[in-house]
Amino acid sequence: MALWLDIGPAADVPSQGARKLHIAGRQIAVFRTAEGKFFALEDRCPHKQGPLSDGIVHGDCVTCPLHGWVINLASGTAQGADEGQVLKLAVALEGERLKLDIAALSAAAAE
Amino acid sequence: MRDQISPDRSRLLVIGNGMAGMRTVEEVLKRDPTRYRVTVIGAEPHVNYNRILLSPVLAGEKTFDEIIINTRAWYEANSIDLIAGDAAISIDPAQKQVSTASGRVVSYDMLLLATGSNPFILPVPGKELPGVCAFRDLSDVEMMLSAAQRYTDAVVIGGGLLGLEAANGLAAQGMKVSVIHLMETLMERQLDPAAAKLLAEDLTQRGIDIITGAVTEALIGADRVQAVRLKDGRQIPADLVVMAAGIRPNMTLAQAAGLACNRGVIVNDGLQTSDPSIYAVGECTEHNGQMVGLVAPIWDQAKVCADHLTGKTTSAYRQIQPATRLKVTGIDMLSVGQFNGGEGCEDIILRDGSRGVYKRLVLKDDILVGAVLYGDAKDGGWYVDLLEKAAPLGDLRDTVIFGPGLTASGAADSGLADLPDTAEICGCNGVCKGTIMAAIADKGLTTLKEVKTNTKAAASCGSCSSKVEGLLALALGGDYEAKAVDSVCGCTDHSHEFVRAAIRDKALKTIPQVMQTLGWRTPGGCASCRPALNFYLLCAWPGEYQDDSRSRFINERAHANIQKDGTFSVIPRMWGGVTTSGELRAIADVVDKYEIPSVKVTGGQRIDLLGVKKEDLVAVWADLNAAGMVSGHAYGKALRTVKTCVGSEWCRFGTQDSTGMGIKLERMTWGSWHPHKVKLAVSGCPRNCAEATIKDFGVIAVDSGWELLIGGNGGIVLRGCDFLVKVTTEAEVLEYCAAFLQMYREEARYLERTAPWVERVGLASIKSRLLDDTENRQALAARFAYAQSFAQIDPWAERVGGLDANEFKPMLVEA
């Protein structure tokens, strides 16, 4: 079941950029693409735990700042020859505000 | 995935979740992915890891995660049932069933034994004491690492391959290590006495005590081992004893099941045991009376066994003599074949004592039959290939000891080109040249990483990486150049030069405009082209182009340098490397106030505050600003530092005021963005204490003026500067510097340092345009000054003033 949390105005996330969220001891990154789409991933690259929110956003991907892994924002999957998966969360735009489905966080924590 | 598997598929059960077993499973899946339902029983509670790389884990050079071969996802993706941490305890060949320690009973149609080997534990008193272990699996490594933290003295029993890698790893962890070896020389199964002596000297220099010809009599200690007593009465203190005196095939299960065994489980050429439904691979096997202990023959076994398991019964396993290398960083050796010679053999030997190089080639009837290389084993692959070819050397004999560089058609890298397709490139994974070349051609591979993923070459120890890169260059030739260097990135086929010219000639002023006009393939580019375009636009249109922070790497966006844990380092500018008590006091206060964990002096004479949290950056800068300090740009493709010596103000030898000159240069150049980082230095006399000869722009004072140097680099490839010109006044130094930097900014490709740029365009071209064409030089310097009038704004102060505030604080903090 979805668990929606209001995380603030959409305008606070820069285009082709990201913001960090600290939720229940976890670091989450919310991204906004050049086309105005929003995505949310856990802020940990599967390679060496780099902060994806500090990466360069291009198309529907982000490049990790530490070693250049490219992660697809829509799926959370590492691109190219690299293999890895980032925890993905649903994010929704309601009016001018962003909501984040944090159900996946508690599910992941319960594992 | 699982649903697609028909229930009536044959069941392949594998006992042993190690390298041999899993490689065989991989080879089976490669041949016929749907033939078997695979179950794996492993006694260790882990997924399959690269046991060969336990040595680098022990030495702290790799982490466990980095040596995992098959992740849980791999088992799942291939529908393999992994029963980890539950050992198999019996086989019932009649019922075709295996029982495990937890009481599980698993049926099979085909059984693969890959039970490996057990370390040989010397039968001496005290062998059960706490603090005594083998060097075999991850739990041994964990025990050794924890002992290294608490204790000081370690003894390794056994001076073979494994023992020496253990000793090196423990020494790297800070322990005082002694190696006790039964024989008179180290690694006697791989090295002749001369090479062994060099090895012993190298290890002794690293602080490892080598005791040869020594028989261990007892381990002494009450609650924990305290010492090793030798037969001659000597006692060696030991808080940790590692037994590395050899391995014994693990054939308990096979023996109990009635399979034919001798020293190991006996297998035929098809890796089949005496029971036709049971195969065996790896260190548990004995084939034609020979055991295996190195990885290359085991990979051969895996292939042959997989052939037989999938119905290709003509394939036969043949023992080869594998080459041995010691995985000790900094020790380069290789041994192969009959290295010790024998009847009818002759030697060709090269000794270079001062370089610590020893090479011995063993010939029989003009055919290479063995080799030992110590101190320089880079030609090892070539010798192994010659040995396998087993052809008479003929004329090659005169120069063979000097390697392929002198023997082939003359080109320095012709060694790779001349290798046959069957030559092994990656010894760890048994990948030959033909396989790599075919993968490059068939799958369109262009990078080392892609080759690793697709062929596994260079994917284990990595020591063959340079050869694989050589093959890439060989295969792609001109295209490799074109793809890797010429086009900006995968988003476009245009070269850097073409893009820069278009920006200028078509007056393109934004990144989207460039991409649109020049037909970029991707919407919004990528992390390679966007920073390049941002710089090109900034350089072309100073004062006009609106910098796109979203196209900058995080360091240039956050104005600090990201570290491996996501924190940042902060380096305030210190003009010419000169500081004051006030600045130092302010730095000290900042360190205390923000609990900054580490403070270090950099190679460029600045102070580095490491481990600053991103949220604290703005406050840290505010405090540093208040004390008069600004950003040191130690994070950017920008002017970094001007390193100086004290010069004539203090130094007995100084001829000019190098510090003052350095400060003037830094005041002129700070804040400038470049294709890559730029470092300057000024030395006050030819003794060159500021190391100005390896900088992008170096200045060396002489009695009659200043010598100007360009294009040096002390990084990956050391390059000494080229001499540009000698001038007499400070104003000339500044003008030449500004003109040179502007030419670099306008012409170099993004991420190209001055050193490769100078080599690419040629010193003569740069000189003619800077020295002979005064007008051009002055115009370049003027363009630099104009760009600087917009660039010299302290980015820290801007952000303390509120710019980009969102960059530095989380959007939401929810407990």
*Taking the alpha carbon gyration tensor of region B:253-372, what are the square roots of 5 times its eigenvalues, largest first, to the nearest whole Å?*
36, 16, 13
*Compute the long axis of helix B:617-626 from its Cα atoms, compare it with the longest principal axis of the Cα atoms of chain B, and write down the angle in degrees, 0 to 90, nearest 10.*
40 degrees
_If you average the alpha carbon positions of region B:416-456 and of region A:2-47, how far apart do those two centres end up, in angstrom?_
41 Å
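Give the residue list of GluC sites (Glu not before Pro) in region B:169-258 that are DSSP loop and have at most 13 other beta-carbon atoms within 10 angstrom.
Working: sites: B:Glu184, B:Glu188, B:Glu201, B:Glu217; in loops: B:Glu184, B:Glu188.
Sparse-neighbourhood loop GluC sites (Glu not before Pro): B:Glu184.
Expressed as cubic angstrom per residue, what is the convex hull volume of the alpha carbon set of region B:614-759?
On the way: hull volume 17.7 nm³, N = 146.
Cα convex hull per residue, to the nearest whole number: 121 Å³.
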*Tally the DSSP beta bridges in region B:132-245 and give the antiparallel ones as a percent, rounded to 5.*
35 percent
_Which one, B:Ala781, B:Ile694, B:Gly662, is farthest towards the positive end of the dipole of region B:639-791 when Lys and Arg carry +1 and Asp and Glu -1 on their Cβ?_
B:Ile694
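For region B:1-117, divide the Cα radius of gyration by the Kirkwood radius and give the resulting Rg/Rh value with two decimals. Provide the component values of the computation, followed by the final result.
Details: Rg = 14.9 Å, Rh = 15.0 Å.
Here the Rg-to-Rh quotient is 0.99.
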_Extension reserve of the B:Tyr786-B:Gln235 stretch, reckoned as 0.36 nm per residue once the Cα distance is removed_ = 190.8 nm
_Looking at region B:639-791 only, what percent of DSSP beta bridges run antiparallel? Nearest 5 please._
60 percent
*What number in nm² do you get for the protein assembly as shown if you take the convex hull of its Cα atoms and divide its surface by four?*
45.8 nm²
*In bins 10 Å wide, starting from 0, what share of all Cα pairs of region B:555-631 does each bin hold, as a percent?*
19, 59, 21, 0
*Which residues, if any, in region A:52-74 have at least 40 Å² less accessible area in the whole protein complex than in the isolated chain, probe 1.4 Å?*
A:Asp54, A:Ile56, A:His58, A:Pro65, A:Leu66
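Would you mind telling me the antiparallel percentage of the DSSP bridges in the protein assembly as shown, rounded to 5?
Numbers: 102 of 147 bridges.
That works out to approximately 70 percent antiparallel.
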*Which whole-number percent gives the relative contact order of chain B, counting Cα pairs below 8 Å spaced six or more residues apart?*
6 percent
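For region B:70-174, take the alpha-carbon Rg, divide it by the Kirkwood Rh, and send me Rg/Rh. Let's see the in-between values first.
On the way: Rg = 18.7 Å, Rh = 17.3 Å.
When Rh is taken as the Kirkwood radius, the ratio is 1.08.
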*Rounded Å value of the spacing that divides the Cα centres of region B:622-690 and region B:87-155*: 59 Å
*How large is the accessible surface per residue of region B:1-138, computed with a 1.4 Å probe and reported in Å² as a whole number?*
45 Å²
*What's the center-to-center distance, using Cα atoms, between region B:215-229 and region B:315-355 in Å?*
35 Å
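Kindly compute the accessible surface that chains B and A hide from a 1.4 Å probe when together, both sides summed, and give it to the nearest 100 Å².
Details: alone 36410 and 5950 Å², together 39870 Å².
Buried: approximately 2500 Å² between A and B.
At 10 °C and a viscosity of 1.306 mPa s, what translational diffusion coefficient does Stokes-Einstein give for region B:132-245, taking Rh as the Kirkwood radius over Cα pairs? Give it in µm²/s as a whole number. List each step's numbers first, then the result.
Details: Rh = 13.9 Å.
In µm²/s, the coefficient is 114.
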*Using only Cα atoms, figure out Rg for region B:623-679 and give it as a multiple of 2.2 N^0.38 Å.*
1.33
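When each pair of different Cα atoms in region B:542-678 is counted once in the 1/r mean, what is the Kirkwood radius in angstroms, to one decimal? Display every interim value, and only then the final one.
On the way: mean 1/r = 0.0626 Å⁻¹.
Radius from the Kirkwood sum: 16.0 Å.
Does chain A come out rounded, prolate or oblate, given a ≥ b ≥ c as the square roots of the eigenvalues of its C-alpha gyration tensor, rounded meaning a/c under 1.5 and, failing that, prolate meaning a/b above b/c?
Oblate.
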*When the accessible area of region B:132-245 is split by element with a 1.4 Å probe, what percent falls to carbon and sulfur?*
48 percent
*Give the Kirkwood hydrodynamic radius (Å, one decimal) of chain B, defined as one over the mean of 1/r across all pairs of different Cα atoms.*
31.3 Å
*Using a 4.7 Å Cβ cut-off, which Cys residues in chain A lack a partner cysteine?*
A:Cys61
*asked:* Can you tell me the orientation of helix B:433-443 relative to chain B, as the angle in degrees between its alpha-carbon axis and the longest Cα principal axis, to the nearest 10?
replied: 60 degrees
*To one decimal place, what Kirkwood hydrodynamic radius in Å is obtained for region B:693-815 from all pairs of distinct Cα atoms?*
16.7 Å
*Take the eigenvalues of the Cα gyration tensor for region B:490-552, scale each by 5, and report the square roots as semi-axes in whole Å, largest first.*
16, 14, 10
*Direction-averaged shadow area of the convex hull around the Cα atoms of region B:684-726, nm²?*
2.7 nm²
*What is the helix-to-structure angle for B:529-540, meaning the angle in degrees between its Cα long axis and the longest Cα principal axis of chain B, kept from 0 to 90 and rounded to the nearest 10?*
20 degrees
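Please give the net charge around B:Ala627, taking every other residue with its beta carbon less than 10 angstrom from that of B:Ala627, where Lys and Arg add +1 and Asp and Glu add -1. Show your work: numbers first, answer last.
Details: positive: B:Arg585; negative: B:Glu583, B:Asp589, B:Asp623.
Around B:Ala627, the charge tally is -2.
The values are calculated or read from the model by the stated rules, or taken from the named source; none is laboratory data. Every value quoted in this text rests on a predicted model; they were computed, and no experiment measured them. Heads up, the Cβs are rebuilt from the backbone with ideal geometry, glycines too, and the neighbour counts pull from every protein chain shown. Each accessible area value is taken on the protein alone, full model and side chains, heavy atoms only, with ligands, DNA and RNA left out. Shrake-Rupley method; radii C 1.70, N 1.55, O 1.52, S 1.80 Å.
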